[in-house]
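The values are calculated or read from the model by the stated rules, or taken from the named source; none is laboratory data. Keep in mind it's a predicted model, so treat the numbers as computed, not measured. Glycine gets a Cβ as well: all are built from the backbone with ideal geometry, and neighbour counts include every protein chain shown.
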Ligand code: PAF
């Protein structure tokens, strides 16, 4: 696997592959790679001739008190994992390479509306940081395709919207969430859970499944407030501190109408200090 840290080296290698007529897929990450990330890489390998993984812990998407410094940085171990599955290139730029100016002086990319809902409401500025860095990575790599996980459902929608609005010619692939055997969505944040919290954590996905069953079997005419409240109570009783739990229209994350066919249940809840998110898509007949 080739490993580069500068945009100049990255572009030189990309130009070589482009010259040979090869297509390129990018998988952006913040490192601390787990099975979920490796699934994204494997999928990318099926979509393009060359796969580039980026590892960059993006300071712009961390809010005050979100402890950017404590975010696990495991570059050597991550590089081994990427190399073992045949990723072609690892791009791991230092902060100066991505942000040459103080963050407050950077041009930003902001998707209005969608950035302010749900996780955006709880983490102001977070999604501006995400779309800014993803736009920069797209400009640096200029991939044909980029692959993201559906666990970060709102993030995936924002990136799609950004590409559409800014005419960015990158095809966005969203992949199903990779789960542990007990249903917990794979996430770098799971590493922060104590043993006791880890044993409680699967309740989040179980609750999503239970809500989905109720949505499918009972006709509520689009009024899901009761189900959402029940689910929050269940999570709180189990040891979580729910942030939001909501059933939305899958197309745009707005409140669903009474005849909506494609829905998504989205949840964020604290377990100790960790904030876990998960979601479940539902299609009604
Ligand atoms: O999902 C992530 O790991 C990050 O938000 C991303 C897309 C790599 C941008 O920093």
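What the table shows:
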item	result
Test: residue 94 is closer than 30 Å to residue 255 by Cα and at pLDDT 95 or above	no
Flag for residue 111 being more than 14 Å from the ligand (Cβ to nearest atom), free of Cβ contacts under 8 Å to residues at least 60 places away in the same chain and closer than 28 Å to residue 270 by Cβ	no
Flag if residue 60 is surrounded by 18 or more Cβ atoms within 10 Å (Cβ to Cβ) and out of contact with any strand residue (DSSP E or B) (no Cβ under 9 Å at 6 or more places or on another chain)	yes
Residue match in the stretch 130-139 (condition: surrounded by fewer than 17 Cβ atoms within 10 Å (Cβ to Cβ) and either under 15 Å from the mean Cα position of the chain (by Cα) or more than 11 Å from the ligand (Cβ to nearest atom) (or both))	yes
Pick from the stretch 38-70, criterion free of Cβ contacts under 8 Å to residues at least 24 places away in the same chain and part of a helix (DSSP H, G or I), ranking: farthest from the ligand (Cβ to nearest atom)	46
Cβ pairs under 6 Å, 6+ apart, first in the stretch 20-32 and closer than 11 Å to residue 148 by Cβ, second assigned to a strand (DSSP E or B) and more than 8 Å from the ligand (Cβ to nearest atom)	26/52; 26/146; 27/53; 27/147; 29/55
Some residue of the stretch 191-198 being within 30 Å of residue 112 (Cβ to Cβ) and crowded, with 18+ Cβ neighbours inside 10 Å	no
Counted residues, the stretch 71-90 - those being away from the ligand (no atom under 14 Å from the Cβ) and out of contact with any strand residue (DSSP E or B) (no Cβ under 7 Å at 6 or more places or on another chain)	8
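Yes/no per residue for (1) in contact with a strand residue (DSSP E or B) (Cβ under 9 Å, 6 or more places away or on another chain); (2) within 14 Å of the ligand (Cβ to nearest atom):
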position: 95; (1), (2): no, yes
position: 107; (1), (2): no, no
position: 115; (1), (2): no, yes
position: 122; (1), (2): yes, no
position: 128; (1), (2): no, yes
position: 141; (1), (2): yes, yes
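Let's see how each residue does on (1) farther than 30 Å from residue 57 by Cα; (2) surrounded by fewer than 16 Cβ atoms within 10 Å (Cβ to Cβ); (3) without any contact (Cβ under 8 Å) to a residue 40 or more places away in the chain:
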site	(1), (2), (3)
208	no, no, no
234	yes, no, yes
241	no, yes, yes
249	yes, no, yes
252	no, yes, no
257	yes, yes, yes
278	no, no, no
